[in-house]
Structures are given as structure tokens and as C-alpha cells.
Amino acid sequence: MPKAYVFTRNGGPEVEALIEQDVPAPGPGELLVAVRAAGVNPVDWKLRTGYTRPGSEPQPFPTVFGSEAAGVVEGVGPDVEGFAVGDEVFGNPVTGGYAEYTLLPAAVTAHKPAELSFTDAAVLPVAVATAYDGVRQLGLAPGSTLLITGAGGGVGTAAVQLARHAGIHVIGTASAAKKDFIESLGAVHVESGAGLADRVRAAAPDGIDAVFDLVGGDTLRAVAPLLTDPATLISAGGKPLAVELGGAAVVRARTAAVLDEVANLVVTGALRTYVTGTFPLAEAGQALRAVESGHARGKIVIEAIA
Ligand SMILES: NC(=O)c1ccc[n+]([C@@H]2O[C@H](COP(=O)([O-])OP(=O)(O)OC[C@H]3O[C@@H](n4cnc5c(N)ncnc54)[C@H](OP(=O)(O)O)[C@@H]3O)[C@@H](O)[C@H]2O)c1
């Protein structure tokens, strides 16, 4: 029987397990996909602890981890158009990506360009698409100055590149260990931690035009007052606080068109995915620990599952 990495109830890493499960049957509008790679995201372990996505019901236990995946179509449900068995695809799984087989909703799934590896495609639907949505939402003009907090993580690494590609000057906060990495992406590095606002002021004496926050909490509280217009604050990491401070959450498009666009940016070399760690499905727990530490660099991927 095919394997899947699940949480059996809400809790810490002790509730995780590698189990065997039936191959899921695609319902209307769904694709059965043999997973080749699955991206690992903070939301994966947050769901294990009991977090529920706004507007969605908790899934039944055991719940398969994983919000983004790439693989090969092995079955097509009723009412699906534009996909056939054998197609290489990527998107947001309905039934979890850390599995040998998953279901993808066809309406928001994209065809993987041949030039793109499954590993690279697997990190586009959550982290890279969130970065894309956020940079587009801000709509900054070339020459503007954007502060990105948590710039060396999964979303930040893509957001820095996308903003730089749009001609935006970027200041990226990250730990000292990521200074060289942040600079290699084309941003000015400012070390995170106490005294952050003063360091940002020194790095941007003419001020900043917008904040793309990926950390939340004290970091978000520290940088929000640097803006003259709080409406130019968006956050993927701390929505309620961003709203309290006069900003907004990143509005996710969640469309196949956005997936096509970010894939094209990778294919044309405008964007790199920076996958810094890969793990087999049997070691999915280690992959999760790397992200749950809060200090992964770029993206972590579970590879070659089926
Ligand atoms: N709404 C959505 O659709 C959506 C989509 C994707 C992500 N998100 C959320 O956005 C956030 C970022 O996601 P991600 O995938 O980029 O996460 P990530 O890969 O874990 O990166 C987060 C970065 O934040 C920094 N960081 C962590 N704790 C910190 C602290 N206490 N103070 C300062 N910096 C800290 C880390 O940098 P250093 O190692 O340099 O400290 C890390 O690189 C998460 O909360 C995630 O759940 C939301």
C-alpha cells in the first residue's frame, strides 16, 4: 500500500506517523497524482498543532501533511477538462502532499513546464505564489524601497527576487548567519532582533515605502511605525496584528494563472527557487523539524515520493 506522512491528532512531533493508506479516488474536478516532490511549509506543522485555516473545516485524522506538491497525473475525476493521465502537474493538494498519491483540484492546478524539475515546481504553489501575490498587491513603482522581514525564508527568498526584478530597492531582515545569502539575492541585509527599527532607519535614511512582513509578532511591531502610511504594510506571517497596525494580510490569488506565471519566471531565469534541503518521505519528520525551527534557508522539499 502507498505511504503517507500524517498527524494522528493535534499535538507536537510525537503525533506524527508514516502510515499506509489506500490510493485516494479522484472526485469531481480532481486529479489523482503520483507525487514526485512536496514542499514543506510552516503551515504544515501549524495545522498539526491545531491551527485551522480561516474559513476551512479541520480535516479528519489521520491528516496527511503538505500544502503543495508536484507529480504525474494517474487518474482524472469527473468534470475535469484540460488534463490527462501522464501529465506533469503542480498545485495545492486536497488530501496532503507528503504522500505517494494525492488529489489535486484541477481548477487551480498547473501543467509543469518540461524545463522545470518536480522539486522546483513543488515549492511554487505556497511560498513562491505568496511572494508573488504580496509583491503584486503592494504595486510599488521601480525605485521604491521595500522592507521584507524574514527575507531568507521560503516566502522571503522569492519576495526579494521578485521585488528586485521589478526594480524595487529591498532591505531584508534576517539573522546574521544569512547576511551573505540576503546580499546574494540583491537586498541590503539588516540583522533581525532587538534594535531592528534603528538599524532599518540607518540602512534607509530616506525612509521605506512599504513592508512585506513574514515574521509577525515583535518584528512586525518594531517595523510598522517606520511607515508614514500604514496601508503599505502587508503580512503573511501575522495577519491579525498587521490589521491592528493599519495594514493588511497578503491576499492569495490561488489561481492556475499565477502558478503558470511563477513557473515561467523560474524557467526564464528571473527567479530561483533555492531548495536548500531535500528529504525522502520516510524522513519527512526531519524535513518538518528543519522548517519548524523557524530558521530554514530558502525551501525544504520531500522528494521522489512515488
Ligand atoms: N497566508 C499565506 O497564504 C501564507 C503562505 C505562506 C507562508 N505564510 C506564513 O508566512 C510566514 C513565513 O513563511 P515562510 O515559508 O517564509 O517561513 P520560513 O521559511 O520559516 O521563514 C521565516 C523566516 O523568518 C525568520 N524568523 C523566524 N523567527 C523569527 C523571529 N523570532 N524573529 C525574526 N525573524 C524570525 C527566519 O529567519 P532567520 O533564520 O534569519 O531568523 C526565517 O527565515 C509563516 O508564518 C507562514 O505560515 C502564509
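The values are calculated or read from the model by the stated rules, or taken from the named source; none is laboratory data. Since the structure is predicted, the reported quantities are computational estimates derived from the model, not experimental observations. All Cβ positions, glycine included, derive from the backbone under ideal geometry; neighbour counts span all protein chains shown. The area values use the complete protein model at the heavy-atom level, side chains included, leaving out ligands, DNA and RNA. Shrake-Rupley method; radii C 1.70, N 1.55, O 1.52, S 1.80 Å.
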Go through Ala270, Ala202 for me and flag whichever is farther than 19 Å from Asp44 by Cα, free of Cβ contacts under 8 Å to residues at least 12 places away in the same chain and more than 16 Å from the ligand (Cβ to nearest atom). Ala202
Tell me which strands (runs of 3 or more DSSP E) are completely within segment 1-53 and hold 1 or more residues being aliphatic (A, V, I, L, M), within 16 Å of the ligand (Cβ to nearest atom) and closer than 18 Å to Ser293 by Cα, or say none if there are none. 30-40
Number of positions in segment 265-286 that are assigned to a helix (DSSP H, G or I) and either over 17 Å from the mean Cα position of the chain (by Cα) or under 28 Å from Val6 (Cβ atoms) (or both): 7
Would you point out the residue of segment 221-240, among those that are closer than 23 Å to Arg53 by Cα and open to solvent by less than 60 Å² (accessible area, probe 1.4 Å), that is farthest from the ligand (Cβ to nearest atom)? Leu233
If you check Gly86 against the conditions, is it in a loop (DSSP other than H, G, I, E, B) and open to solvent by less than 30 Å² (accessible area, probe 1.4 Å)? no
Suppose the filter is under 21 Å from Val43 (Cβ atoms), away from the ligand (no atom under 13 Å from the Cβ), under 15 Å from the mean Cα position of the chain (by Cα) and at pLDDT 95 or above; does Thr119 pass it? yes
Residue that is nearest to the chain's Cα centre (by Cα), among those in segment 221-243 that are in a loop (DSSP other than H, G, I, E, B) and among the aliphatic types (A, V, I, L, M): Ala236
Pull out all pairs, ordered by first then second residue, where Cβ-Cβ is under 7 Å, the residues are six or more apart or on different chains, the first lies in segment 150-174 and is more than 11 Å from Val135 (Cα to Cα) and more than 8 Å from the ligand (Cβ to nearest atom), and the second is part of a helix (DSSP H, G or I) and open to solvent by 10 Å² or more (accessible area, probe 1.4 Å). Val170/Arg164; Ile171/Ala203
Would you point out which residue out of Glu16, Glu57, Glu30 is more than 14 Å from Ile305 (Cβ to Cβ), of a type outside the set (Lys, Arg) and at pLDDT below 95? Glu57
Evaluate the following for Leu104: is it within 16 Å of the ligand (Cβ to nearest atom), surrounded by 20 or more Cβ atoms within 10 Å (Cβ to Cβ) and modelled with pLDDT of 95 or more? no
Looking at this structure, is Arg254 touching an Asp or Glu at 6+ places or on another chain (Cβ under 7 Å) and open to solvent by 60 Å² or more (accessible area, probe 1.4 Å)? no
